[in-house]
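Enquirer: Quick one: the structure is below, and I'll ask about it shortly.
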Amino acid sequence: MKIGELAKQTDVAVETIRYYEKIGLLPPPIRSANGYRHYKAAHKDRLIFIRRCRSLDMAQDEIRELIRLADQPDADCSDVDALLEHHLQHVRTRLRELASLEQTLTSLQQACNQGRTIQECGILGSLTADEFAGPLPDEAHNHVPGTHGAQDKKGD
């Protein structure tokens, strides 16, 4: 099948399929003489696997490792379990960070009184004050779903 058909069958954008090929998550397809990509059922299966991993907020390196492990069907499953445990710890850490963020945003919102001017805005004042109590950007891990910082690989 051609890339458009693969995209339609897997609900993955054509650009994303090309990206997954580029970074090695999806093996390169056979190309015809005119340069068109031709995908097999194995490409579709791999793409569905990747999409499901991404829906679990797994990073590319985690998916790559799961693919590597899946290619060893007779190997012990403990490495898969360990990878999932590590990912679960990341999710739990992120939940704690999001709870803290929610408290900070709630406090900021409570600083706003209706009928005031921008100059008197409690939210803007809090964001520029020296005693701001929220997390600073270098203290937060990230807020982009699906990305894990280098510190995650070290177990931090």
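Enquirer: Where residues in segment 1-39 are of a type in the set (S, T, N, Q) and over 25 Å from LEU69 (Cβ atoms), which of them is nearest to the chain's Cα centre (by Cα)? Please lay out each step first, then the result.
Expert: We begin by selecting, within segment 1-39, every residue of a type in the set (S, T, N, Q); these are 9-10, 16, 32, 34.
Remaining after also requiring over 25 Å from LEU69 (Cβ atoms): 9, 32, 34.
Values: GLN9: 22, SER32: 34, ASN34: 35 Å.
Only one residue tops the list, namely GLN9.
Enquirer: Pairs please, first residue from segment 44-63 and of a type outside the set (Val, Ile, Thr), second anywhere and modelled with pLDDT under 95, Cβ atoms under 6 Å, 6+ apart in sequence or on different chains.
Expert: ASP57/PRO145; ASP57/GLY146; ALA59/HIS148
Enquirer: Determine, yes or no, whether LEU108 is part of a helix (DSSP H, G or I), modelled with pLDDT of 70 or more and touching a Ser or Thr at 6+ places or on another chain (Cβ under 9 Å). If you could, list the steps in order and put the result at the bottom.
Expert: Working: part of a helix (DSSP H, G or I): yes; modelled with pLDDT of 70 or more: yes; touching a Ser or Thr at 6+ places or on another chain (Cβ under 9 Å): yes.
Spelling it out, LEU108 is indeed part of a helix (DSSP H, G or I), modelled with pLDDT of 70 or more and touching a Ser or Thr at 6+ places or on another chain (Cβ under 9 Å).
Enquirer: Condition test on ALA42, is it more than 15 Å from the chain's Cα centre (by Cα) and crowded, with 16+ Cβ neighbours inside 10 Å? Before you say what the answer is, go through the steps one by one.
Expert: Values: more than 15 Å from the chain's Cα centre (by Cα): yes; crowded, with 16+ Cβ neighbours inside 10 Å: no.
Here the answer is no, as ALA42 does not meet what is asked.
Enquirer: Among the residues in segment 60-83, are any surrounded by fewer than 16 Cβ atoms within 10 Å (Cβ to Cβ) and within 30 Å of ALA129 (Cα to Cα)?
Expert: no
Enquirer: So, one more: Could you figure out which of (1) modelled with pLDDT of 80 or more; (2) within 17 Å of the chain's Cα centre (by Cα) isn't true of ILE123?
Expert: Here ILE123 meets the rest and fails (2).
Enquirer: Could you list, in sequence order, the residues of segment 12-39 that are open to solvent by 70 Å² or more (accessible area, probe 1.4 Å) and either modelled with pLDDT of 95 or more or touching a Phe, Trp or Tyr at 6+ places or on another chain (Cβ under 9 Å) (or both)?
Expert: Start the filter on segment 12-39 by keeping residues that are open to solvent by 70 Å² or more (accessible area, probe 1.4 Å), which leaves 15, 18-19, 22, 28, 30-31, 33-34, 36.
GLU15, ARG18, TYR19, LYS22, ILE30, listed by residue number.
Enquirer: Okay, moving on. Only one of these conditions is not met by ASP138: (1) in a loop (DSSP other than H, G, I, E, B); (2) modelled with pLDDT of 65 or more. Which number is it?
Expert: For ASP138, the exception is condition (2).
Enquirer: Identify all residues within segment 6-43 that are outside any loop (DSSP other than H, G, I, E, B) and in contact (Cβ under 8 Å) with a residue 24 or more places away in the chain; write none if there are none.
Expert: Filtering segment 6-43 for residues outside any loop (DSSP other than H, G, I, E, B) gives 6-10, 14-22, 30-31, 37-38, 41-43.
Matches in segment 6-43: LEU6, GLN9, THR10, ILE17, TYR20, ARG37, HIS38, HIS43.
Enquirer: Return yes or no: is LEU83 out of contact with any Phe, Trp or Tyr (no Cβ under 7 Å at 6 or more places or on another chain), of a type in the set (A, V, I, L, M), in a helix (DSSP H, G or I) and modelled with pLDDT of 95 or more?
Expert: For LEU83, the condition - out of contact with any Phe, Trp or Tyr (no Cβ under 7 Å at 6 or more places or on another chain), of a type in the set (A, V, I, L, M), in a helix (DSSP H, G or I) and modelled with pLDDT of 95 or more - is met.
The values are calculated or read from the model by the stated rules, or taken from the named source; none is laboratory data. Everything numeric here is computed off the predicted structure, so don't read it as measured data. Positions of Cβ are generated from backbone atoms using ideal geometry, with glycine treated the same way; all protein chains shown enter the neighbour counts. Just so you know, the surface numbers come from the protein's heavy atoms only, side chains and all, with ligands and any DNA or RNA stripped out. Shrake-Rupley method; radii C 1.70, N 1.55, O 1.52, S 1.80 Å.
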